[in-house]
Amino acid sequence: MIATADADRFRLLYELGCAFAARTDLAELIPFVIAKCREALNAEAASVLLLDRERNELYFPYVSDQQASVAEVLMGLRLPADQGIAGAALSSGEALIVADAQTDPRFYAGIDRQTGAVTHSVLAVPLKTAEGTIGVLEVINRCGGGSFGLDELAFLQGVSGSITIAIDNARTCGELRISEASLRTQVGVLRRDLARDGLFTEIVASGPAMAEVFALMESAAASSIAVLIEGETGTGKELVARGIHRAGARSEGPFVAVNCAALPETLLESELFGHRRGAFTGAVRDSPGVFRAAAGGVVFLDEVAEMPLSMQAKLLRVLEQEEVLPVGESFPTKVDVRILSASNRDLKGEVARGGFREDLYYRLAAFPIPLPPLRERREDIPLLTSRFISVAATRQHKQVSAIEPAALDLLCKFGWPGNIRQLRNEIDRAVALARDGATIGPALLSAAVRGATAATTPLTAPVLVASRPASSVSESRRPLREARAAFEAAYIAEALGAHHGNVSRTAEALGISRPALQEKMKSYHLR
């Protein structure tokens, strides 16, 4: 007749076989299995130690211990892979049974010192795959004293094969899921790029201001150095970043952009570094995050000055250690990406004000590229205008091929606080208003642009405008409402330019709310 203990173990093996068949989530399966092993072997603790090949260390992802406090400590510990009884089983590939660990020369006492526990008897079984040993299944201390026997070791060896297959399969599936999620992230980025019309295929420029930018881009592309692109809103910072990526050694890799100002801090960490399924409400599946999705390529951090200080510290750690810690994970993952970043604010000034970490600034700004605003490269306005007319006419299915000299002169005089993006919006609007086959004249431009001469005067202009004689008003033949709108648009445009396109600061200077200013900007096509 089969002994009761053996019958219990056979029953347990059947139960574990059912568990392996029914449970696919490793985070649920392995803790269940080792808890059952500890129970079947009447042991104080059981654990799975996995090998980190990069660091040559063993760590404890799965622990079942009578004392929850000990289990918690163990899950945060690592030990050299060539030390301890577990290390001996790993290197030899042989299962080990040790009756008195304290007198065994292979014993690693560091774990006991940190947990406060005392190790006596040990069973250690290597977890072998076709590619090599991935870890060790270990059982510690028989409850009530005594040592383990060969029957217990045989039982543990029988269970270890199923555990090894489950872990190996889960790793393979995990890699496939990460690959799938990375592709999904990249496809999503590409779809967003195709959907938005804010980017054009080439940087249009002919003057000396942009010639210097091109030279810097060429040097940056030939290096792997971190680049910080600084310039006002709408100057084409992402376009420059993409140009550096295309010309660089990582051009075959992905380019993944994230707007640091568009996401709250709680989502920004998950977006950048990824998360594990169930890490927070709504995390229904694993996500690799931007850094892992961009492996071998470039991560572009747009509006990096808007990143909260707490996130800046986490980003600095990633840059220094070249590894990310996904939300909900216990151990970091190595990443290989190049960092390009951009800001429409003076990042060095933000450091002085305490709004940005100095150590992170020097990491990101190793190679700064300042972009001139459109008002400092007016010679490029005709070229840009021609390009935008062609693109807008094609998109709107219209025959609009030219702009009248008077209208182009107004475009060249305007201050363009929204820079190239605002010019593009202005042309889009003009093409939409134009009749098919007609040219773009001054009448099709917005009131703000038609008042372009006021936009280039100092902010004291309101006094001069208000004190003009009545005859000048009658000669202009402009209705009062239109003149008032033109003046207000020009005044707002000048204020935006003075504050480098920062809406909050401009609203404060003008004495109006941010929503009110945004409404006026929308009305006057200043964004």
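What order do you get for 123-131, 64-72 when each peptide is scored by the mean count of other beta carbon atoms within 10 Å, highest first?
Per-residue Cβ counts within 10 Å, averaged per peptide and sorted highest first, yield 123-131, 64-72.
May I ask you to order 146-158, 334-346 by the average number of other C-beta atoms within 10 Å around their residues, highest value first?
Most protected by this proxy first, the peptides run 334-346, 146-158.
State the extension gain, in nm to one decimal, for the chain segment bounded by R78 and K348, taking 0.36 nm per residue of separation less the distance between their alpha-carbons.
Working: separation 270, 0.36 × 270 = 97.20 nm, distance 4.01 nm.
The R78-K348 span can extend by a further 93.2 nm.
Which of the listed residues, T439, I427, G415, is farthest toward the dipole's positive end in segment 368-459, when Lys, Arg count +1 and Asp, Glu count -1 at the beta-carbon?
I427
What lysines does K520 reach when the alpha-carbon gap must be under 23 Å and sequence neighbours fewer than 8 apart in one chain are set aside?
K520 reaches K413.
What do you get for trypsin sites (Lys or Arg not before Pro) in segment 25-103 restricted to DSSP loop and a cutoff of at most 15 other Cβ within 10 Å of the site's Cβ?
R53, R55
Assuming R0 = 25 Å, can you tell me the calculated FRET efficiency for the pair N169 and E265, based on Cβ-Cβ distance, to the nearest 0.05? Working shown, then result.
On the way: r = 36 Å, r/R0 = 1.45.
E between N169 and E265, to the nearest 0.05, is 0.10.
Given R₀ = 35 Å, FRET efficiency for R277-Q67 by Cβ-Cβ distance, to 0.05?
Here the calculated transfer efficiency is 0.75.
Distance in nm between label sites at R106 and I225, each 7 Å beyond Cα in the beta-carbon direction?
The modelled label-to-label distance comes out at 5.3 nm.
Rounding to the nearest 20 debye, state how big the charge dipole of segment 204-267 is about its Cα centre with +1 on each Lys and Arg Cβ and -1 on each Asp and Glu Cβ.
So the dipole magnitude of segment 204-267 works out to roughly 180 debye.
Under the 0.36 nm per residue contour assumption, what length would be gained going from the current alpha-carbon distance of A366 and S206 to full extension? If you can, show how the numbers build up before the last one.
On the way: separation 160, 0.36 × 160 = 57.60 nm, distance 2.71 nm.
Between A366 and S206, full extension yields 54.9 nm more.
Straight-line reach from K314: which lysines have a Cα under 28 Å away, not including same-chain ones fewer than 8 places off?
Cα-Cα hits under 28 Å: K237, K334, K348.
Based on the Cβ-Cβ distance from C143 to R113, what FRET efficiency comes out when R0 is 25 Å, to the nearest 0.05?
0.65
Spelling out what I want: for every residue of segment 378-388, take phi, set θ = phi - 60°, compute 6.51 cos²θ - 1.76 cosθ + 1.60 (Karplus), and round to whole Hz; glycine and proline get x.
Ordered by residue, 3J(HN,Hα) equals 4, 5, 8, 4, x, 5, 4, 4, 4, 4, 5 Hz.
FYI, it's all coordinate maths here, none of it is from the lab. Source: prediction; values computed, not measured. As a convention, Cβ positions derive from the backbone with ideal geometry for all residues, glycine included, and neighbour counts pool all protein chains shown.
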